[in-house]
Every structure is written in C-alpha cells, then in structure tokens.
Amino acid sequence: MISEKLVGEDLLELQNEKGNICISVIVPTHRLSPERRVDKLNIKRAIEKAEQLLELKYSEEIIKPLMKKIDELFQHIDFEHNTEGLGLYVSSNIELSVQLPFPVEEKVIVGDSFEIRDLLYKVNYSNPYYVLLLTEKGARLFEGTWKKMNEIKDKNFPKEYEEEYSYNPPSNIATHSGYAHTKGFEKDKSELEEIRFKNFFHQIDKRLNDYLAGNEALIVLGVKKELGYVEHISKHVKLIAAKIPGSYSHDNLKQLSDLVWPAMYAYLQNERAKLINEFKEKIGEHLGTSGIQEIWEAAYEGKAFKLLVEKDHRCPGFVDETDYHLSLRPPQRPHKVLVDVVDDLMEMVLEKDGKVFFVDNDLLKDYGRIALITRY
C-alpha cells in the first residue's frame, strides 16, 4: 500500500501491526523553495539511519525486502508539493507514505510497533468540513481536510444566481410624477431583488442537505448582507463553524484555503476547550481522572472514554510483568521499560475503543498534562 492520504483505517492497520519489524521515518519538510531543496537529502539521510539500525539487529536476508519497500516509497515522493513533514512506514505487510501538514521532529525508529503519534495528530485534526462561497453570481461549495480543499462540481454545485428582473410601471402614471416614481421603482426593484436572493438561498440551503448529513462543520464566505441571510434562513446554523465576511469571487483555491483553514483550526481548538471543560465537570461526578499512573490503570481496565493529551507531552516509565502497574522510577521487581508512556497509553485507549484528543501545550498543566474522562 502506497498512500499520501491517511485515513482512520490506515491508522488502525498501523496500530495492529505489532510483533513484526516496524520502521518509522518521520522527517521535517518544506512547502516552499528554496527551503525544500534540502528535503530529498534529509530524507535520504534518515533512511540511511533506518538501515543502520536494522543492520544492528537483523540479517541481510531480513533487511533487503524492507529496504526495497522504503526505496519504493522514496521514489514516489512528490518533492514539488511538500507539506511541513513526511512519514514513511514500512513492515513486511505495510508500505505507507503520509504527508504531515504540521511541524514535526525528525524520528527514525525501528521496533516491534510503529510510531503513531504524528499520524494520530493528523487524524485528530482531519475533521472534514465544507466551505460555502456566496457571491453576486451564485454559490460554490468546497470540501476540505486540514489545508487541502477541493471544489464540488455535481448536480447541486456550483449554482448560478440568474437575476431576472423586469418591472413595467402602470401606463397611467402621470409624467409629472417623475423623480418620485423613479425612487419608487428603485425601491420596488431592491425589494424584489432581496426576495429573489432569499428564495435562491433557500434552494442552496436545501442542497446542502446532501452533504451535511453528519456533524461536518460549515464555513460560509460572503458579504455581510449575504451572511445575514445565512443567519436567518439556514437550517444548518448549528453546524456553522465560522462566517468570513468579504467578497472572494476572484480568489483561487489556495487563497481560499489560506483564508479558511485558520478559521477551521480555531473552531477545532474551541472544541478542545469544550472537552477540557467537560473533563473538569466530570471530576465532580468521579468520572474525571488525572495523573498518568491512575490513567494508565483506568485504561488497562477498559474505562477510558476520552483521553486528553498535551501535544508534546512525553514521559518514560516502567510496568510490571502484568503491564497493569505503572511506575515512573525503576522498581525493584522485574519490569519492562517504556520509552514513552504517553504513546503506549494512547495506543491502549484506542485498542479498547476509547478516543484520544490532542490539546495545546500547557492547557492541562494543572492536571499533569494529561486527563481522562472515564466511561464509569
């Protein structure tokens, strides 16, 4: 499997690939030239590190097919369209390349499981969203994840606004009415135009039903008057993540994406803030747990419902032979070393049908930088 688009199924497949030799190569990359000129060299060097790690543990017979897979992934990289990071993941069963649209640290890991934190972070913020662009000419609809947007072109969109206005004043209007009649005509025309656009937007709002079937967020762009129609007419108001005023009919796809993504990201951050408040409320109901040792035991017992983790929080640890008791210092009894307890904890929560949410650094500093809402 060679892919540049990570979906939840890919992450699940990586999680389940335990026990085999798993190679994870994560490298920072660059969107713009000339910075991206060094990307190819840096990725080559990281792949060489992976090969050196393999040579320390395994025979050439085992290494050769794995390195062939990594080389194939390298040949498929489109260096002209890099994002902020790239992940290469290889085992005997998996061959996956993933662009990471956020800053990453270089990591080259060979072990019995994949390094999934960056992948999980990408999935965590990959909520699909829709963008409705209203202009004087009509309506266009886009779908997006992260900073990538595509225009929808089907039976519903784009929809052109055809202005058909004709007004014939009564023939018995006296000529001396002149200016007063002209003002009345303009007023009537303006009112009819408003009625027609409202009717047009009713059609647009009805067409949105085909896309907003779940809880997908909607971002609307248009001049203030058009946004006012959205506020008062749309049946999808509760799904609107942001309204961006202005005229953007001449903006290209990249310009729209650069405008929309910060608004969508702010919406996702606000959703994380709601989760933190939910956790605080659950403390009083004895359904909110903090402290990594307590959270570990709750997750082991299958109680974990929603795990909240600061983006860069890491912690080494030690577990006993049962994997149940976690220590932050080496115990006297036989134990296993965990390079990063947080990574192992996230995997455990996901394996037991819990959910993991990343939040910005320091938002959970009063709770040991990690928090858990339990099922019971």
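Summary table below
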| read-out | value |
| --- | --- |
| Filter pass, Lys225 being of a type in the set (Lys, Arg), at pLDDT 95 or above and surrounded by fewer than 18 Cβ atoms within 10 Å (Cβ to Cβ) | no |
| Residue count, the stretch 241-281 (criterion: assigned to a helix (DSSP H, G or I) and not acidic (Asp, Glu)) | 25 |
| Filtered residue count, the stretch 31-88, keeping only those that are farther than 20 Å from Ile21 by Cβ, over 23 Å from the mean Cα position of the chain (by Cα) and not in a helix (DSSP H, G or I) | 3 |
| Every residue from the stretch 334-344 that is more than 15 Å from Asp118 (Cα to Cα) and either of a type in the set (Lys, Arg) or surrounded by 15 or more Cβ atoms within 10 Å (Cβ to Cβ) (or both) | His335, Lys336, Leu338, Val341 |
| Evaluation of Ile195 against (1) under 19 Å from Gly144 (Cβ atoms); (2) loosely packed, with under 12 Cβ neighbours inside 10 Å; (3) β-branched (Val, Ile, Thr) (one fails), failing number | (1) |
| Close pairs from the stretch 285-311: first touching a residue at least 40 places away in the same chain (Cβ under 8 Å), partner among the hydroxyl-bearing types (Ser, Thr, Tyr) and part of a loop (DSSP other than H, G, I, E, B), Cβ under 7 Å, at least 6 apart | Tyr300/Tyr324; Lys303/Tyr376 |
| Residues that are surrounded by fewer than 13 Cβ atoms within 10 Å (Cβ to Cβ), of a type in the set (S, T, N, Q) and within 25 Å of Gly228 (Cβ to Cβ), drawn from the stretch 246-285 | Gln255, Asn270 |
| Subset of the stretch 297-316 [crowded, with 17+ Cβ neighbours inside 10 Å and in a loop (DSSP other than H, G, I, E, B)] | Lys303, His313, Cys315 |
| Of residues in the stretch 58-88 being out of contact with any helix residue (DSSP H, G or I) (no Cβ under 9 Å at 6 or more places or on another chain) and among the charged types (D, E, K, R), the one farthest from Glu105 (Cα to Cα) | Glu61 |
| Among the candidates Glu294, Glu321, residue that is over 29 Å from Val104 (Cβ atoms), surrounded by fewer than 16 Cβ atoms within 10 Å (Cβ to Cβ) and modelled with pLDDT of 95 or more | Glu294 |
| Residues being farther than 24 Å from Gly87 by Cα and surrounded by fewer than 19 Cβ atoms within 10 Å (Cβ to Cβ) - total across the stretch 108-160 | 14 |
| Leading residue by the ranking (nearest to Arg36 (Cα to Cα)) among those in the stretch 128-149 that are at pLDDT below 90 and not in a strand (DSSP E or B) | Lys147 |
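The values are calculated or read from the model by the stated rules, or taken from the named source; none is laboratory data. Only a predicted model underlies this, so the values are computations on that prediction, with no experimental measurement involved. Using ideal geometry, Cβ is built from the backbone for each residue, glycine included, and neighbour counts are taken over all protein chains shown.
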